[in-house]
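Notes follow once the structure below has been shown.
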Amino acid sequence: MEITGAEIFVKSLLKLKVDLIFGYPGGVVLPLYDALFQSMKPKHILVRHEQGAVHMADGYARSSGKVGVALVTSGPGATNTVTGIATAYMDSIPIVVFTGQVLTALIGNDAFQEADIIGITRPCVKHSFLVRDVNDLARTIAEAFYIASTGKQGPVLVDLPKDVVTNKAKFEFPEKISLRSYKPTTSGHIKQIDKLADAIAASKKPVLYVGGGVISSNASDELRKLARATSTPVTQTLMGLGSMPSSDRLSLGMLGMHGTYRANMAVTNCDLLIALGARFDDRVTGKLDEFAVNAKIAHVDVDPTSISKNIKCDIPVVGDLKDILKKLNASVKTRKVNWKSKSKDWLAQIEEWKLANKLEYKKKKSVIKPQFIVEEIDRITKGDAIYTTEVGQNQMWAAQYLELSKPRTFLTSGGLGTMGYGFPAAIGAQAAFPDKVVIDIAGDGSIQMNIQELGTAVQYRLPVIVVILNNGFLGMVRQWQQLFYERRYAYSCIEFQPDFVKLAESYSALGFRVTKPEDFAPILEKAIKARRTTIIDCQVDREENVYPMVPAGAPINKMLLA
Amino acid sequence: MRHTISILVENKFGVLARISGLFSGRGYNIESLSVAPTLDATSSRMTIVTRGDDAIVEQITKQLNKLIDVIKVIDFTSEDYIEREIVMVKVNAEPTNRAEILRMAEIFRGKVVDVSSKTYTIEVTGAAGKVKAFIEMIKPLGIIELTRSGKIAMSRGRKTLG
Ligand SMILES: Cc1ncc(C[n+]2csc(CCOP(=O)(O)OP(=O)(O)O)c2C)c(N)n1
């Protein structure tokens with residue numbers, strides 16, 4: 001029996017066990033919406049802006065490990081997704097974005113609401129498809145999910161012309177996907193793994209430098225095992241946070257521009273740097289020619305392009321991190337090394353660095369320090385929550401002061417640094433985990449970039465809590481202007497703000513304002529109990545800075561400490 | 001250093017844009033590019049001549065391999081390979097220099113492929129050096145128009161790309 005492309009679309013999603021789509025309708029996708037409406041499955045969440053839909057799919061994917069799905073119309077609907085797609089691309093997040101397209105016969109004619117979305121997004125997708133024949137639809141959808149979720153994960157866009165979803169075909173869904181041009185490397189080369197184990201056994205001052213790849217490949221347990229078995233200290237990138245508990249004795253915290261003193265000192269002085277699913281981003285390395293100069297570099301990554309891209313690598317291992325770390329753990333076990341005594345001096349040196357410069361801020365009774373708010377969130381939720389961030393100071397304080405202990409609980413736009421990411425991502429995570437506490441740690445600037453999604457959160461009863469660290473500035477911009485532009489605060493002061501409490505209330509959400517440090521905890525506790533979408537507007541110290549800070553282009557051991 | 005890279009790709013909509021976009025987006029240069037289907041119509045073969053130090057060319061080949069539609073990539077530079085390019089040159093054919101044009105064509109084993117009262121068009125095929133030398137020699141005689149195919153390349157012996 002032949003069915004329409006729209007029905008094939010719905011059936012394919014169900015085959016792929018998609019339970020949720022974030023979307024927004026429009027002319028050319030009406031057939032798809034009609035089919036979704038009639039099937040009632042997957043569930044559809046109506047967003048308020050297509051960028052929100054993509055960030056929600058992304059937050060859903062980061063928190064659950066499943067592929068996130070967004071559906072939008074052609075033209076403006078499609079172009080509104082670009083920032084969301086680029087955000088997912090930079091952080092290698094598996095999402096599939098379906099965009100409507102005009103009739104195949106009209107493509108290229110500047111038809112109403114036509115946009116060459118394949119062309120526009122080409123540099124920021126893992127792959128994209130324009131489906132031109134309904135007979136290819138089911139297979140293309142299966143391929144899109146396969147490509148998004150395997151190898152180095154990433155966003156895939158599927159462009160669906162209107163006639164493709166109205167034409168009819170037999171529904172044949174491929175049980176297995178095999179593409180001759182795409183064979184993601186999965187298992188690591190055992191010789192290279194043994195070589196890495198040798199290097200760890202031989203090194204006196206090793207450091208594990210862990211990025212988001214460990215989280216995407218669900219390899220946190222294997223990482224912890226490796227670190228503990230070999231007594232190797234671990235530093236994490238912004239994307240790697242949660243893979244190793246921050247409270248662990250071997251944890252150095254984050255490295256890089258706003259990394260801890262001990263992490264940056266350890267990396268600068270180590271003799272073996274083992275990068276796991278990290279990519280030597282400039283925010284991590286600072287000045288390249290002074291980065292880890294005394295170290296042998298080992299790099300384990302699923303993506304060969306990130307190996308030896310910025311820094312020459314001595315021991316490359318390509319493949320899936322989980323698989324490789326399992327084998328590495330087995331290989332390390334066979335070495336006759338007294339790991340504890342080998343690491344003693346190195347760990348003592350690190351402890352010295354830790355004591356010399358702790359992460360700290362001047363506590364005050366009279367004003368709310370933004371770091372204090374993050375510490376309070378941490379104390380009250382005890383790590384049992386999903387945290388998202390916006391971008392700027394809020395993001396860095398969250399990264400520094402949350403004691404993260406679990407993977408997939410810290411969602412932040414690392415690579416692209418997208419303001420407006422945190423709130424919709426929190427909604428996506430909450431949709432994936434309705435019973436969890438989900439908190440967006442926000443700045444007053446960023447939150448206004450996707451504030452319209454309050455409507456979505458309230459409509460679907462998603463009790464996301466937004467904590468605004470409200471400093472009345474585009475804080476991180478102001479910090480740079482203070483430090484590097486002689487305090488000329490060019491257009492970084494938000495001189496007019498909405499009343500966030502009333503704004504929340506106008507959406508039937510809860511709104512609170514906090515002006516005294518001691519008031520925050522009871523309000524957050526109340527919000528968590530209420531299980532309602534909430535905004536907590538915290539009036540924080542306006543000119544607090546994020547420290548330590550490595551000025552752009554400086555070596556990472558040259559930190560401004562206060 | 002100059003590198004000649006051959007790429008076997010799925011013969012699909014938009015593949016050329018993905019490859020040229022990769023080069024422009026990442027700041028790699030393309031000196032020449034040629035593309036056509038292979039014996040198997042579902043795949044195409046591209047040859048790109050690019051420039052860069054070893055680290056850059058390593059990135060280029062890795063980035064190409066990462067594209068979903070790319071089946072295989074060979075950088076010929078470290079191999080024994082054969083290359084060819086074709087050039088067509090339209091030259092001013094004054095009565096005084098016609099003999100000289102024909103003599104050049106003969107030296108380079110070229111062919112006269114078009115003749116008019118004022119012009120000769122010569123076709124020359126060969127490795128990059130030969131094509132370049134021919135152009136240099138014919139230049140003083142007055143080139144009106146010139147078009148080159150870009151390089152194509154293939155391994156010597158049994159080794160194949162596809
Ligand atoms: C979409 C977007 N536009 C601009 C920037 C540049 N930018 C980075 S941080 C920042 C300030 C953020 O201000 P706010 O959200 O109030 O956070 P704060 O730094 O005060 O915590 C800006 C403008 C960005 N990262 N993203």
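Ratio of region B:108-162's C-alpha Rg to 2.2 N^0.38 Å, to two decimals?
1.45
Strictly greater than 19 Å: what percent of every Cα pair in region A:370-539 meets that?
In whole percent, the long-distance tail amounts to 52.
Measuring with a 1.4 Å probe in the full set of protein chains, what accessible area per residue, in whole Å², belongs to the protein assembly as shown?
Computed with neighbouring chains in place, this is 43 Å² per residue.
Given labels modelled 7 Å from the Cα in the Cβ direction, how far is it in nm from A:R379 to A:E2?
With each label placed 7 Å out from Cα toward Cβ, I get 6.8 nm.
Rounded, prolate or oblate for region A:103-144? Axes are the square roots of the Cα gyration tensor eigenvalues, ordered a ≥ b ≥ c, and the cut-off for rounded is a/c under 1.5.
oblate
Largest first and to the nearest Å, give the Cα extent of region A:153-230 along each principal axis.
66, 23, 18 Å, listed from the longest principal axis down.
Assuming R0 = 22 Å, what is the FRET efficiency of A:K336 and A:N294, from their Cβ-Cβ distance, to the nearest 0.05?
The computed FRET efficiency comes out at 0.25.
Considering chain B as a Gaussian network with a 10 Å cut-off on Cα pairs, which listed residue, B:S116, B:S44, B:S24, attains the greatest mean-square fluctuation?
Ranking B:S116, B:S44, B:S24 by mean-square fluctuation puts B:S116 first.
So, R0 is 56 Å and r is the distance between the beta-carbons of A:L14 and B:D80; what FRET efficiency does that work out to, to 0.05?
E between A:L14 and B:D80, to the nearest 0.05, is 0.55.
Bin width 5 Å, alpha-carbon pairs only: give the P(r) of chain B as whole percents, running from 0 to the bin holding the largest distance.
Reading upward from the zero bin: 2, 8, 17, 17, 14, 13, 10, 9, 6, 3, 1, 0.
Helix B:128-138 against the longest principal axis of chain B: what's the angle in degrees, Cα atoms only, rounded to the nearest 10?
30 degrees
Could you estimate the translational diffusion coefficient of chain A from the Stokes-Einstein equation, with Rh from the Kirkwood formula over C-alpha pairs, at 20 °C and 1.002 mPa s, in whole µm²/s?
In µm²/s, the coefficient rounds to 87.
Largest first, please: the extent of the C-alpha atoms of region A:426-479 along each principal axis, to the nearest Å.
Principal-axis extents of region A:426-479 (Cα, largest first): 37, 19, 13 Å.
Beyond a 29 Å Cα-Cα separation, which of these cross-linked pairs lie in this structure: A:K327/A:K358; A:K126/A:K326; A:K183/A:K326; A:K15/A:K529; A:K205/A:K326; A:K176/A:K312?
Pairs exceeding 29 Å: A:K327/A:K358; A:K15/A:K529; A:K176/A:K312.
Work out which residues of region A:170-186 lose at minimum 30 square angstrom of accessible surface when the other protein chains are put back, relative to the chain isolated, with a 1.4 angstrom probe, and list them by number.
For region A:170-186, once contacts with the other chains are taken into account, A:R180, A:S181 lose 30 Å² or more.
Relative to the isolated chain, which residues of region B:50-72 have their accessible area cut by 30 Å² or more in the presence of all protein chains (1.4 Å probe, heavy atoms, no ligands or nucleic acids)?
Residues of region B:50-72 that lose at least 30 Å² of accessible area once the other chains are added: B:Q59, B:K62, B:K66, B:I68, B:I71.
Could you compute how much accessible area chains B and A hide from each other, both sides summed, with a 1.4 Å probe? Nearest 100 Å² is fine.
1600 Å²
Please label the shape of region A:2-170 as rounded, prolate or oblate, based on the square roots a ≥ b ≥ c of the eigenvalues of the alpha-carbon gyration tensor (a/c under 1.5 means rounded; beyond that, a/b larger than b/c means prolate, else oblate).
rounded
Label 7 Å along Cα→Cβ of B:S32; region B:56-82 residues with amide nitrogen under 20 Å?
B:74-82
The values are calculated or read from the model by the stated rules, or taken from the named source; none is laboratory data. Predicted model only: the values in this text are computed from it and were never measured. So basically every Cβ, Gly included, is an ideal-geometry build from the backbone, and we count neighbours across all protein chains shown. Heads up: the accessible areas ignore ligands, DNA and RNA and are worked out on the full protein's heavy atoms, side chains in. Shrake-Rupley method; radii C 1.70, N 1.55, O 1.52, S 1.80 Å.
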